[in-house]
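K.L.:
So that we are looking at the same thing, I have put the structure below in structure tokens.
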Amino acid sequence: MARTTSPPPPEDLAEKIIDIDVSEEMRGSFLEYAYSVIYSRALPDARDGMKPVQRRILYQMNEMGLRPDRGHVKCARVVGEVMGKLHPHGDGAIYDAMVRLSQSFAMRVPLVDGHGNFGSLGGDDAPAAMRYTEARLGRAAELLVASIDEDVVDFRPNYDGQETEPEVLPAAFPNLLVNGASGIAVGMATNMAPHNLGEVIAAARHLIAHPEATLDDLMEFVPGPDLPTGGSITGLDGIRDAYTKGRGTFRTRATVAIERVSPRRTGLIITELPYGVGPEKVVSRIKELVQSKKLQGISDLKDLTDRNQGLRLVIELKNGFNPEAVLEELYRLTPMEESFGINNVALVDGQPKTLGLLELLQVFVGHRLDVVRRRSEFRRAKRQERLHLVAGLLVALLNIDEVIALIRDSEDTAQARQRLMTTFELSDTQSRYILDTPLRRLTKYDRLELETERDKLESEIAELTAILESDTKLRKLVSKELAAVAKEYATPRRTVLRESDGAARSAVIPLEMGDVPCHVLLSSSGMLGRSTGATVPRMFEGLRTQHDAVAVSLPASSRADIGIITDLGRAIRVPVVELPEIPDEGADSPPLASGLPVTEFVALDDDEQVVSVAVLDTDAGIAVGTAQGVVKRVAGDTPPNKDDFEIINLKEGDRVVGAAQLATGEEDLAFITSEAQLLRFPASAVRPQGRPAGGVAGVRLPDDARVLWFGAVPLPEDSVVVTVSGSTSALPGTGGGSAKVTPFEVYPAKGRATSGVRCHRFLKGEDVLVFAWIGRAPARANRADGKPVRLPDLDQRRDGSGEPIRAITTVGSGRTDTGVIPPAGG
């Protein structure tokens, strides 16, 4: 049965009750709690830039001997030492602070050298548990704790009075400005941006040399923050506000390059993100916007970040979208552009204050001058103590026999000490030191060492005294030490500062490219591209040959689709915007501007070749000619939902040799056969047919003849015919005997399905044409190795023989004006 106790008598209870005002108690308790949070947790000290937990971590690691030249130890051990001796709070808070001190993407100059998984940018990946990670002090952290054992700062008892801890670290560089700080206290918060170590030290040295310096003077050295993750800062007015009043706002942007990520795609390459933003946050936001159709123009997104090349996000864009406009939308809608609010709140003499750049540097410089002054006093006192002992020992050495006799005749140590003091006028300290010195130290050699040490100590004491007695020398010493820190630890600036945010530019860039006129160019070697310049390039800077003739120059628009036509009668749909742009002649050629192989756009069979390109879905249509003399005209019969379809039903063994885009339907069509026959007839003589049709008779052929060339000639009066003869034994190939260039106008028009007229007379040993071409004059010819070949002069004889010529493989138009488009051809 449970025991019960009776309540005390009312008179005893009344004696233990204290009447208090609830509002007064709440006010006092809250103020005490708020002060504890402000002073002992959330806000950094303006002198060393450390919060209490950070200061305790670095101090305890230094006490544990975890210096950069020593091995790493488990973070759990460090956390345990800090928690047990100095910081009576949760181990999670200590470890989180330690992790941040080691993160190169959070600290401009990391203070802890971590070994293991210490998290990732933006907190996307949490750090490993403290039992797995290891750490030691970073090289820069030694500068913060250097000389701490030389009475340079005040110490105070720890939470239980059994240990002591520094109130502030010596801090050999302006850590608060260099690494920034963030924290939320009660009723106030701080958020300070990191800066470049070299720039901040340069400003501090200027302030040391010129105590009356203004903010404008200091901003010549510190133009703005330098974030660990790089990127760019826009809006410099907010930075100046922060440097003036301690509060200001600026915007940070990711660093993005526009590159071609594949032969047919342009992409945005992100290599730097705003401070505190991780790649996973950006990736998830972009995917969300694309799925909700709030962001257009993106076809794929890849995170290629690794430890070797660092951050690399690849955003692949759809064809037809302006990369600059898509980038501006990404800045507007995603964390690729973030706002950073500066709130420079720090503790000065134990009180929270909002400080500008000048005040922050003044506090640091004042602290550093005090540290160096106290260090000099400590070192002078130590050297004076040592000099006092050395002087006494030298007296003993000069009177060694008398000292030994005196000690030997003394009753005890106390009497010997007293007699030494009386006889040689020594102090108690000197006498004790002489008695404690072994006899082996009293040799002649040791005397010389002591005299050298005495001279050195006197020189050092004089130098330290001069520093302490001269404010100028003290400032020069502090400035010199800061310069040494900058020389060893300063790094180039990572963040770019920009005046404008580019909003005006983004307002005038449409998201999608406009439907502008252009020319689709196909070269004789199979290079494909588009030109939007005022002229059509005569040649590609070919990837396969030195010079590559333009075989097809097709008028189109950037939003149209073209069909790549093969000799198997296939047409493969390709958007014009996917073609690489080729600059007009005289322009500096940008990367990848020389066209791409047509095989980048279509997959061909082993025995399949591209013969031409044509714009799909036009009223006049496309004219197709085959090796067996069949002609077909296709108009308005292209399936909109298919990217690969047939445009002619070929007979067995037949192949397409040419296809031509018709502009009006009134152009002349022409065949040239291997028997040197040329047939010319109007395109209107061919009735348009559907895609399944096999075409109609175009040119009549003997059994052993075939068609070499077929195409459309929109300007007969401005075109020429190039034919090259050879022998049957030379086939297949393009070697030959003679070539002839004839005006197209000399050949009369004949009816469709006839044999046409002779266009080349064979010489002895010649019995066949091996090459033929019709196009705008002047004509250009190349060999297989890309070297040009001179063609014969114009011959007015339609059936004349040619002139001997070296082998040619390609012929193209030499015209560059676009008033009239060169004809399509095979």
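K.L.:
Structure shown: which of LYS245/LYS353; LYS382/LYS476; LYS281/LYS302; LYS287/LYS318; LYS740/LYS764; LYS51/LYS353 lie over 21 Å apart, alpha-carbon to alpha-carbon?
P.N.:
Violating the 21 Å limit, Cα to Cα: LYS382/LYS476.
K.L.:
How big is the gap, in Å, between the Cα center of the stretch 608-631 and the Cα center of the stretch 510-524?
P.N.:
Answer, in whole Å: 21.
K.L.:
Would you mind checking which residues have amide H under 5 Å from THR754's amide H? H placed 1.01 Å from N; only 5 or more apart, or other chain.
P.N.:
ARG700
K.L.:
If I histogram all Cα-Cα distances within the stretch 369-489 using bins 5 Å wide from 0, what percent of pairs lands in each bin?
P.N.:
Pairs per bin, as whole percents: 2, 10, 17, 16, 13, 10, 9, 8, 7, 4, 3, 1, 0.
K.L.:
Within the stretch 298-337, what residues put their amide N at less than 13 Å from the label point 7 Å along the Cα-to-Cβ vector of LYS287?
P.N.:
Zone members listed by number: 300-303.
K.L.:
Next question, about the same structure. For the stretch 633-674, which GluC sites (Glu not before Pro) are in a loop by DSSP, counting at most 13 other Cβ atoms within 10 Å?
P.N.:
GLU652, GLU666
K.L.:
In addition: Within 10 Å, Cβ to Cβ, of ASN62, how many net charges do the neighbouring residues add up to if Lys/Arg are +1 and Asp/Glu are -1?
P.N.:
-2
K.L.:
Still on this structure, please answer the following. Evaluated at 4 °C with a viscosity of 1.567 mPa s, what Stokes-Einstein diffusion coefficient in µm²/s does the stretch 255-335 have when Rh comes from the Kirkwood expression over alpha-carbon pairs?
P.N.:
My calculation gives 101 µm²/s for D.
K.L.:
Using the number of other C-beta atoms within 10 angstrom as an exposure proxy, rank MET50, MET513 with the fewest first.
P.N.:
Final ranking by Cβ density, sparse to dense: MET513, MET50.
K.L.:
Given contacts defined as C-alpha pairs under 8 Å and at least six residues apart, what's the relative contact order of the stretch 112-231, whole-number percent?
P.N.:
15 percent
K.L.:
Right, something else. Can you compute 3J(HN,Hα) from phi for each residue in the stretch 649-663, using the Karplus curve 6.51 cos²θ - 1.76 cosθ + 1.60 with θ = phi - 60°, rounded to whole Hz and x for Gly and Pro?
P.N.:
So the Karplus estimates, Gly and Pro as x, are 8, 7, 6, 4, x, 8, 9, 7, 9, x, 9, 10, 7, 9, 8 Hz.
K.L.:
Now, a different point. Quick one: compute the contact order of the stretch 267-386, relative version, from alpha carbon pairs under 8 angstrom and 6+ residues apart, as a percent.
P.N.:
The value is 23 percent.
K.L.:
Arrange the following residues from fewest to most other Cβ atoms within 10 Å of their Cβ: HIS206, HIS519, HIS760, HIS72.
P.N.:
By the 10 Å Cβ count, ascending: HIS72, HIS206, HIS519, HIS760.
K.L.:
Please report LEU121, LEU568 as a ranked list, fewest other C-beta atoms within 10 angstrom at the top and most at the bottom.
P.N.:
Lowest count first: LEU568, LEU121.
K.L.:
A follow-up question, please. Could you tell me which label, among (1) 36.2; (2) 31.9; (3) 35.2, carries the value of Kirkwood radius over Cα pairs in Å calculated for this structure?
P.N.:
(3)
K.L.:
Check which residues have an amide H placed less than 5 Å from THR266's amide H, if you skip close sequence neighbours.
P.N.:
Here VAL261, LEU317 satisfy the definition.
K.L.:
From the helices alone, meaning DSSP H stretches of at least four residues, give me the mean residue ellipticity at 222 nm for the chain, per-run term -39500 (n - 2.57), in deg cm²/dmol to the nearest 500.
P.N.:
-9500 deg cm²/dmol
K.L.:
Now for a separate question. Just want to confirm a number: the relative contact order over the chain, from Cα pairs under 8 angstrom separated by 6+ residues, in percent.
P.N.:
Value for the chain: 9 percent.
Here, each number is a calculation from the coordinates, and none is a lab measurement. Remember, predicted model here, so these are calculated numbers, not experimental data. Heads up, the Cβs are rebuilt from the backbone with ideal geometry, glycines too, and the neighbour counts pull from every protein chain shown.
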